[in-house]
Every structure is written in C-alpha cells, then in structure tokens.
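First the structure, in the form of structure tokens, and then the observations on it.
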Amino acid sequence: MAILKPFKGLRPPKSIVKELASRPYDVLNSEEARVEADGNPHSLLHIIKPEIDLPVGIDEHATEVYEQARINLNKFIQNKWLVQDDEECLYVYAQTMNGKTQYGLVGCAAVEDYMNGIIKKHELTRADKEEDRMKHVRITNANMEPVFFTYPAMKEIDDIISGIVKNQPAEYDFTADDGFGHHFWVIRDQSIITNLTHLFSKVPYTYVADGHHRTAAAALVGNEKKVNNPNHSGDEEYNYFLAVHFPSNQLTIIDYNRVVKDLNGLTESEFMTRLSEVFEIQEVGTEIYRPDKLHNFSMYLNNKWYSLTAKEGTFNDNDPIGVLDVTILSQLVLDKVLDIKDLRTSKRIDFVGGIRGLGELKRRVDSGEMAFAFALYPVSLEQLINIADTGNIMPPKTTWFEPKLRSGLVVHSLD
C-alpha cells in the first residue's frame, strides 16, 4: 500500500509566487529558459536551469552548472524567496485549463515504494537523463520540482479535498502567462493530515503520469543516501520525495502526434496504396480532421486531410501494447512502409504534443519541413494503468499530460 508523508515545505511568499513559479526544467531548452527568466531574479529557472546564469554555450551538464544550482538555492533561502513551513503539512495543488480544474494532493512519496514497485511506471528512462537529475538532487539536497502521479480515485479523499477547497482560502491563486490557473492550499490541521495519510495507505498502487526521470532520480538518490549512512534509521527526510497525486477520475491525456520528413522513396500514389492494405481511407478535404475514436487516425498529406481506420486483424485489443494506436502506427506504417525502426533515435520523425493543436501539424508540412503528419486518438488513463499493472512499457512519445505542473510552489528539502 502507498505511503503519503507530510513535510515542511519550502515555499515562496505570496507576493512573488507568480514570478517564482516556472515551467518544468524539461519543457524548455537553455535558450528559452534565458528568455523566460530575463529580468526576473525570482524565477525558479535560476535553480532548475542554472546554466542561464553562466556564459552562453556552456555545457549544461558541466560541474559548475550544478554548483550554480546550489548557490542559487542558498540565495533564494537567504533572501527569503523560499521560506520553510514551521510544521509538517500536506498541500492541495489545483490546475485549471479550458474551464476544467483538477485537484492534486501534495505530499512526499516513499523511496521504498519506488524500489518495491508500489509506484508503477509505464516508460523507460535513460541513464544519462537520470544521472543529470541525480546530480541536481545531490548538490541541492532537495527535490526542487514535484513529480506527477495518479492513483485510483477514492471518494473519501475527494470529499476531504473538496471540503478544504470550499472552506479554506487558497494560499496561492494566479493565472500563468499561458492562461492556465494555479491554486494552492496548505493543510495544517493535524487531524485532516492524519486522516488523509491513513486513507492513502489503502491505495494499492500509485502511477507515474509525468516525470519518470525525476522520479527515478529522486528515489535513487534517496536510496543512495540510505546505503551510505551507517546510522540510517528510516526516519530521515531523504527516504521521501516530492509528488503531486491526482485521482484517476480527474486526469485527461491528450494526443501526441507524429510528423515525418519523407515517404522513404515512395511516390504519393505508392504510399497511399501501401496504406490502403491496412487502413480504410477516406479523403475528408482541406479542413482539419481530428480522429474521433480508437484506431481512427488523421493524416495530412499534400494539402489534404484523410481519415484512416485500421482494418480488423491489424491490431490486438487483448494485448495492452497491441491495442495502442501508437503501436499500430509504428508497426504498420513507420516500420513496414517507411523503414523507421527506432523512434528514439531516428532523425526522420518528430513528435508534436496535442496542446499545440493539429494546425501545427499542417504548418510543418506546408512549410516543406515535413512530408506528412499523423494525428492519433489520445491514449486513455485506463490503458496507461493497464500497461503499468501488467509490467509493460509504452512505446516512446505516447502520452502527453496538460497542464504541466508549475515548479516552485513548494520544494522538499532532504535535510
């Protein structure tokens, strides 16, 4: 059963929270981070993308970059831009996008739960990306950014959070520049904290929705500290890491689409003939077409949109991986027709998160940068959980969660 632990969060004063809260480290590159933090000394990007305070062109994995993260964190604490709560708390973090609000329970997850499989994952991680975040956690001795978890919804927990939101004013409440709302409550009442941690102990498993590398890094550093501490007791703060837990009935996964640079030497006619062997194809014109159900795809090629529906017998709905539309597309088109074998390394394909809209697919094809685009029906949360429960791994670039968590609303110190 899952562990949820209250902690003494490091948090910004209300007066600078909107300036300090930032997008996650991995959704913008160094140049974008420099622009976003320009003229804003409070931005958390100075800690999570510390290369922006060093000369342009520096290797973002250089030793001095990580050291700059430590220096900047100490500066934030000394300037009281991050102030630690006096007592252990839980928190509620809500996000609003397109009129819909989802409510997450913020607390610490247990390193032990990650190591023994109570926290389940659905993606592979890369050792170099893990090590990057591990170095960052080691030198700052903190989880600067939360990971994004989901768990099987429990009405009792939903009801408690609903009561907090209705009866307690939000500590933070602001709309970010991207138009998404962020709302944050501090839970100090020990009876409520006790009740929530008890209820959470009945949750059989939690699932990494977004942030697999941050999760792995946080857990591995915690385990590393345990192994290296001859006086380890199990009560140390490094046994836990920062997570926002959203109930499964509130999350939505949006589409994650593909653009491809060439037709692998085929003419357009030959390409369409090959597709017709495995898809029912319907030309739908010049207006953007969005897939409307599982196994239905949208394709944009030569100024036209097409509806493609996978033919019976080309997929396996009883296989947690085979049922996925990304699997169907990868096997039937990218591999067999276009000879794109490895989605992680091929330079002939790129991926576009659905938050950017299908117009972005059209733009990249019309510009001549890409030859055609495929839009996919979004994966369901039930599919994600089924894959994690069966020990399977999703193909690359399958899920896109939005809105992203803002970093900096609360930080977890490992001291």
Handout entry: All-pairs Cα distance distribution in the stretch 138-214, expressed in whole percent, bin size 10 Å
Key = 14, 34, 42, 10
Exercise for the section: Using just the alpha carbons, could you tell me how many Å³ per residue the convex hull of the stretch 256-377 encloses? Expected result: 103
Exercise for the section: Provide Rg and Dmax in Å for the stretch 63-115, with only Cα atoms included in the calculation. Expected result: 16.4, 43
Fill in the blank from the handout: Between THR125 and ASP262, the two model label points (7 Å from Cα along the beta-carbon direction) sit apart by a distance in nm of 3.7
Problem - Under the Karplus curve 6.51 cos²θ - 1.76 cosθ + 1.60, θ = phi - 60°, whole-Hz ³J(HN,Hα) for the stretch 363-379, x wherever Gly or Pro sits - result: 4, 6, 6, 4, 6, x, 5, 10, 7, 7, 9, 10, 10, 10, 6, x, 5
Completion exercise
Mean shadow area (nm²) of the C-alpha convex hull around the stretch 222-297 is 11.3
Practice task
Would you kindly give the portion of the calculated P(r) for the stretch 147-291 that falls above 22 Å, as a percent of all Cα pairs?
Solution key: 65
Fill in the blank from the handout: Here P(r) for the chain, Cα-Cα distances in 20 Å bins, as whole percents, is 25, 53, 21, 1
Fill in the blank from the handout: Normalised per residue, the volume inside the convex hull of the alpha-carbon atoms of the stretch 88-161 in Å³ amounts to 159
Problem - Given charges at beta-carbon only (K, R positive; D, E negative), |dipole| of the chain in Debye - result: 200
Completion exercise
Fewest to most Cβ atoms within 10 Å: TRP400, TRP81 sort as TRP400, TRP81
Problem - Residue-span extension gain [GLU283 to THR197] - 0.36 nm each, minus C-alpha spacing - result: 25.6 nm
Completion exercise
For GLN190 and PHE174, extending 7 Å from Cα along the Cα-Cβ vector and measuring point to point gives, in nm, a value of 3.3
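Rule-based calculations on the coordinates, nothing more; no lab input. Note that the structure is predicted; figures quoted are calculated from it, not measured. Here Cβ is always computed from backbone atoms with ideal geometry, including for glycine, and neighbour counts include all displayed protein chains.
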